[in-house]
Amino acid sequence: MALGSSRDSIGADRQPIEMLSTSGTRSENYEPDQCGSENIVSNAQDLETPPQGLQSEPETPEPRSNWKIFATMLALSLALFISALDQTIVATATPTISSDLHSASGYVWIGGAYLLANAASSNIWANLSDIWGRKPILLTAVALFFVASIICAKANGMPMLITGRGIQGIAGGGLIQLITITISDLFSVRLRSLFLGLIEFIWAIAGALGPIVGGAFTQSVSWRWIFWINLPVCGTAFVLLYVFLDIHNPRTPVLAGIKAVDWWGSFSMLALIILLLLGLDFGGATFPWGSPKVICLIVFGCLMSFAFIYSEKKLAKYPLMPLGVFRNRSNVACFLVDFTHGFAYLGAEYYLPLYFQSAKESTPFRSGVLILPFVLTEAAFSLFSGLLIHRTGRYLEIIWAGTALVVLGVGLFTNYSATSSLGKIVGYQITAGMGCGMLFFPPLLALQSNITQANTASATATFGFIRNVAMAMSVVLGGVVFQNSMDMRQDGLKAAGLSSSLLAEFSGTEAAANVDAVRAVQDPTQRHAVADAYAWSLRNMWIMYACLAACGFVASVFITRQHLSEEHVETKTGLKEKQPVLEQ
């Protein structure tokens, strides 16, 4: 369908300059850009003889067939599907998992551990793929996800489950980044909009299925099947990628590659993310904001950001993050839109089921059904954006409309109450879903159109890193606001006549894991007071998300319009292609 027609359009797009075939060759009319690309050249004699042990395999002159493109995209789609599914599949099952493993405190970290590890590891995967090539590193990520899913499925306690989720997050960070980078390697900026739209459509569909599948397994079988279901998908994706992914392999020696890894940058990035998010999560809920533990975590997390910047500028021979990309105002605006979008959309997908199961007293399965308007609208408008950009080459108007709709939609969520009608629930979700669906990749295209192809992978990884950080912060900070707000409603619940045991179950640290207790409250007045407390606490959280979304709308004004090139030079990986940089 879309893949076949898109392949046909490649030939049609060769006007007036012959476009590069996806094999890595280029038109003889191509002239390198003034920035000096480090990509493939058409004549092998133009390349210096690589050092011994670092020789790259020769280019394949034949263009990829429609069948190979289809098989490659299917494999990439499956790998992305499992990563996206595991971001939302636990949302409807988390209360049950927390109860089954007897750990209410682990509620936030069942999802937070995945997103935290996802954010912390994403740039590292991209750096490894630049050194050893996309294919072997992508296969490693799929295999690691397979193993982590087994750990989660066999978990006999919350520590084991959170450990497994953390490993899943590490692998998922690699899948998300490497799939986007691989597509950017294979296709021109104009053409990749179609494939990125397709990928984001699959991402959104996985997000739609996640809560439903999670709720169905939790109610009908066991929450452990949430993780067992990953195994056949991982296995199929691994085989397809191994057989069909035809992309440059530099065959970098292991020892040379290990020496080239930005170890200081990797360590400081991990420390920055973990310390900062732990401090934000503990503050006000587990420990007072003024406690030494919280202050030390936040302060040292912020200090690690300076250590990371110093490492990237002064120490790293092959840095994780191209700091020079932040010198352009339009690029910074793209990153801000990226951050606010990730923050808002993940907050909606993660906490809407909590609203449905608490304030609306829905079952896990029904809450998965109720969130369908949001995620299906996301999917439809993501695909629509890809098709529109591929046809017109215009992306700026889509970014403006998307940021405005996110502000409007998330702002409307603040009107949700314990008595909200089904029409209001569906309508507000559609509005927010339209905006979120339009912002998955157009800001990335705006960024990629403003940099050289040689820097596309690292800039794409930075874009993904910022989105992953935003998503991790979204879950953690959303949980902090919710918990603190529930604590503020304790006096009102006590005045309604709730017993001390119920008050403890509906306290800030326990409320998210005890949504089933809402339906167990017998007195109608007391049950309404509890549902209203949940809705009010979530309302405060939606206000925070709407404010961040408004910042994204302001930032979108500063994104500049660039021509989306139909010409493409396929990127080569490996140390021979990477120029050592000691200062960005």
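The values are calculated or read from the model by the stated rules, or taken from the named source; none is laboratory data. Bear in mind that the values here come from a model prediction, so they are computed numbers and not experimental data. When we count neighbours, we look across all protein chains shown, and the Cβ atoms used for this are built from the backbone with ideal geometry, even at glycine.
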Revision key, fill the gap. Within region 248-262, residues of a type outside the set (Lys, Arg) and either modelled with pLDDT of 85 or more or over 24 Å from the mean Cα position of the chain (by Cα) (or both) come out as His248, Asn249, Pro250, Thr252, Pro253, Val254, Leu255, Ala256, Gly257, Ile258, Ala260
**Study point:** Single unsatisfied condition, Asn249 versus (1) of a type outside the set (D, E, K, R); (2) buried (at least 19 other Cβ atoms within 10 Å of the Cβ); (3) outside the structural domain of Phe306 (by TED's automatic domain parsing)
**Key:** (2)
Review point. So Leu272 fits all but one of (1) closer than 30 Å to Met434 by Cα; (2) surrounded by 20 or more Cβ atoms within 10 Å (Cβ to Cβ); what number is the exception?
Key: (1)
Check your understanding: Considering only region 360-387, how many residues are crowded, with 24+ Cβ neighbours inside 10 Å, closer than 21 Å to Met541 by Cα and at pLDDT 90 or above?
Key -> 1
Practice item. With the condition kept exactly as written, say whether any residue in region 185-197 is at pLDDT 85 or above and either over 29 Å from Gly393 (Cα atoms) or among the β-branched types (Val, Ile, Thr) (or both). Key: no
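Looking only at helices (runs of 4 or more DSSP H) that lie completely in region 288-387, which have at least 3 residues being touching a residue at least 12 places away in the same chain (Cβ under 8 Å) and among the hydroxyl-bearing types (Ser, Thr, Tyr)?
Values: elements: 292-310, 329-358, 364-370.
Output list reads 329-358.
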Exercise for review: Please work out which one of (1) modelled with pLDDT under 90; (2) over 19 Å from Ala457 (Cβ atoms) is the condition Thr182 fails and give its number.
Suggested key: (2)
Point to revise | Qualifying positions in region 142-165 - surrounded by 24 or more Cβ atoms within 10 Å (Cβ to Cβ), in contact (Cβ under 8 Å) with a residue 40 or more places away in the chain and either over 19 Å from the mean Cα position of the chain (by Cα) or closer than 30 Å to Leu255 by Cβ (or both) | key: Val142, Phe145, Cys152, Leu161
Practice item. Report whether or not Phe244 is surrounded by fewer than 22 Cβ atoms within 10 Å (Cβ to Cβ) and within 26 Å of Trp67 (Cβ to Cβ). Key: yes
Review point. Consider Gly479 against the criteria (1) buried (at least 22 other Cβ atoms within 10 Å of the Cβ); (2) under 18 Å from Tyr534 (Cβ atoms); (3) without any contact (Cβ under 8 Å) to a residue 60 or more places away in the chain: it satisfies all of them except one. Which criterion is unmet?
Key: (3)
Revision key, fill the gap. If we keep only residues of region 173-206 that are of a type in the set (S, T, N, Q) and more than 13 Å from Pro442 (Cβ to Cβ), then the residue surrounded by the most Cβ atoms within 10 Å (Cβ to Cβ) is Gln177
Point to revise | region 44-103, subset charged (D, E, K, R) and surrounded by fewer than 24 Cβ atoms within 10 Å (Cβ to Cβ), residue modelled with the highest pLDDT | key: Asp100
Study note, to complete from the structure: Per the filter on region 511-520, residues of a type in the set (D, E, K, R) and outside any helix (DSSP H, G or I) are none
Revision key, fill the gap. Being surrounded by fewer than 20 Cβ atoms within 10 Å (Cβ to Cβ) and outside the structural domain of Met158 (by TED's automatic domain parsing) narrows Pro232, Pro288 down to just Pro288
Check your understanding: Listed residues Gly479, Gly497, Gly508; which is assigned to a helix (DSSP H, G or I) and either farther than 24 Å from Ala380 by Cα or of a type outside the set (A, V, I, L, M) (or both)?
Key -> Gly479
